[in-house]
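The structure appears right after this line, and notes come after that.
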Amino acid sequence: MTTIYTFVESPEHAYPDHPERPGRLDLLKPKLKSFDAELVEAKPATREEIERVHEPGLVSSLERICREEAPGIIDYAPTYVTRASYADALLAAGGVITCSRAVMNGEAGNAFAIVRPPGHHAEPDRAMGFCIFNNVAVAARDALANGLERVMVIDYDAHHGNGTQAAFLKDERLAFLSAHQWGIYPGTGWVTDAPDAKKRIVNVPLPARAGDQVYEQVADRIFEQFVETFKPQMIFVSVGFDAHWNDPITMLGLSTQGYLTLAKRVVALAEEHCNGKIVFVLEGGYDPVNVANGAEAVFIAETGIGESEANDPDPYPEPDCESRIEEIRNWHGFD
């Protein structure tokens, strides 16, 4: 079936010298027509859809700040807003909903929501970490509201998806896994987080320089058990290309080929467990080359067409993460 994508560039959501900038997408944009995928127009999320995740007071406050006080910094990350940011954030969240509804309804086989501002740090009661609304959480809630009973997010942005975890924490219909660099922003996501939600909220904190081999072990020994245990009807992937070894603000070790392997693995898990229903959602990634190469890897995995020509292996040695992987498996009771 068709692979679709949305592209929400948000050119007016920009702040001087900020790493989360429109230029992140500059090298990807001219390549989009070369992928075997169909562009669909994003529709803004409604306030009702946003408030399935976010508190009404936060939504009202962000709308007012963008209208009356922007541009400015609203969080120490630093998270910024401009006069366009409220509308742009609605369109970003709506772009993920547009993709997920098409996949859920059988109008597309799978999808990639290339949107900004990103979302996975935004908690129910606050915007943070470059994120305004939690795009993937809003779309997951929308999927539940439209008939699904079990929805999962796998997050392999370099940073912990604290906002998605907070949104899913008490809802047994939603599962969340985050594989991230430990010890960086936002400082959350340890193995023993969410002790009342074992097997459903899974954190994989990794040391600096963990790369292709470590992530393949994580996919083999944690991702598969996680999906098999929860049995989702749809998988969302918060994909951040800041886990690439030369991202300017993180220190993990994935290469483009590592990203391609990961994307193929989660697509295969979706095909095995939920009739291929999978939606990738762009989160971080602050080098335009990595974003373009990583996005191409996602399209290759989703369409089954093409090969990545990127050759950018991590020059640094990877750490041994065997004990960490076993610690996670034991905590969650994975066989």
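The protection proxy used here, the mean number of other Cβ atoms lying within 10 Å of each residue, ranks peptides 141-148, 286-293, 160-167 as follows, highest first: 160-167, 286-293, 141-148. Put simply, the amide H of PHE35, placed in the peptide plane, has no neighbours under 5 Å, leaving out anything fewer than 5 places away on its chain. Simple rule: put +1 on each Lys or Arg Cβ and -1 on each Asp or Glu Cβ in the chain, find the dipole, and look at HIS180, TYR259, VAL53; the Cα lying farthest toward the positive end is VAL53. For the chain, a/c is less than 1.5, where a ≥ b ≥ c are the root eigenvalues of the C-alpha gyration tensor. That puts it in the rounded class. Peptide packing for 108-117, 23-32 was compared via the average number of neighbouring C-beta atoms within 10 Å per residue; ordered from the highest value, the list is 108-117, 23-32. For the stretch 241-335, just say rounded, prolate or oblate: build the C-alpha gyration tensor, square-root its eigenvalues into a ≥ b ≥ c, call rounded for a/c under 1.5, and beyond that prolate if a/b exceeds b/c, oblate if not. The shape class here is oblate. Annotation: the antiparallel percentage among DSSP beta bridges lying fully within the chain is about 15.
Where both partners of a DSSP beta bridge lie in the stretch 1-133, what percent of those bridges are antiparallel, to the nearest 5? Antiparallel bridges: around 40 percent, rounded to the nearest 5. A P(r) calculated from all alpha carbon pairs of the stretch 84-157, with 5 Å bins opening at zero, reads 3, 17, 26, 27, 17, 8, 2 percent.
Among DSSP bridges having both ends in the stretch 121-232, what percentage is antiparallel? Round to the nearest 5. Approximately 15 percent, going by the DSSP bridge assignments. Only Lys, Arg, Asp and Glu carry charge here, each on its Cβ (+1 for the first two, -1 for the last two); on that basis the chain has a dipole of about 680 debye about its Cα centre. Over 25 Å apart at the Cα level, from the set LYS170/LYS264; LYS33/LYS231; LYS29/LYS231; LYS43/LYS198; LYS43/LYS199; LYS170/LYS199, are LYS170/LYS264; LYS33/LYS231; LYS29/LYS231; LYS43/LYS198; LYS43/LYS199. Once the Cα-Cα distance is subtracted from the 0.36 nm per residue extended length, the LYS231 to VAL191 segment shows a gain of 12.2 nm. Highest mean packing first, where packing is the average number of other Cβ atoms within 10 Å per residue, the peptides 258-271, 230-243 line up as 230-243, 258-271. Each principal axis of the Cα cloud of the stretch 152-241 was taken in turn, and the coordinate range along them, longest first, works out to 33, 25, 22 Å.
No value in this document is a laboratory result; all are computed from the given coordinates. Note that the structure is predicted; figures quoted are calculated from it, not measured. Please note: Cβ atoms are built from the backbone with ideal geometry, for glycine as well, and neighbour counts cover all protein chains shown.
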